[in-house]
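Working notes, structure below.
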Amino acid sequence: MKRVFSVLICLPGVVLLAGPAAAACVENGTSDTLYFTIESRTGDARTGAALDPGAELCMPETPSAIFTAFASETSVEGCPRLSGPNGRDRLMHFLPTDSCRWASHGE
């Protein structure tokens, strides 16, 4: 039997996942530091972190999720996006009122 292991790499405010385990991952593809959340579609799990440009946030054991980008941790308005079939997406352009462009929109 083949065993598969996942490795979590923790940086301040960021969790990166390496390995084949199912995870929802969102990447900040903008030039600004923004606050991102990942919430399971069932609503039973949630994580969030401020991400610098190019940084990624992952939530292990969550193959399907809702990603939301905010200007800051205290912002009320954000840009939500359902994860695609591979559980990943990248924010390309941020406007705080549901006018964001995600990589899954087509680059």
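We did not get these values from a lab; they are worked out from the coordinates using the rules stated. No experiment lies behind these values; they were computed from the predicted model shown. Using ideal geometry, Cβ is built from the backbone for each residue, glycine included, and neighbour counts are taken over all protein chains shown.
Computed from the C-beta positions of R46 and E77, the FRET efficiency with R₀ = 25 Å rounds to 0.90. Taking the average, over residues, of other Cβ atoms within 10 Å as the packing measure, peptides 56-65, 31-40 rank 56-65, 31-40 from highest down.
Before anything else, pin down the relative contact order of region 8-102: Cα pairs under 8 Å, at least 6 apart, normalised by residue count, whole percent. Once divided by the residue count of region 8-102, the mean separation gives 29 percent. Binning the C-alpha pair distances of region 8-102 at 5 Å intervals from 0 yields a P(r) profile of 3, 16, 28, 28, 18, 7, 1 %, listed from the shortest bin outward. A protection proxy built from the mean count of other Cβ atoms within 10 Å ranks the segments 79-90, 43-54, most packed first, as 79-90, 43-54.
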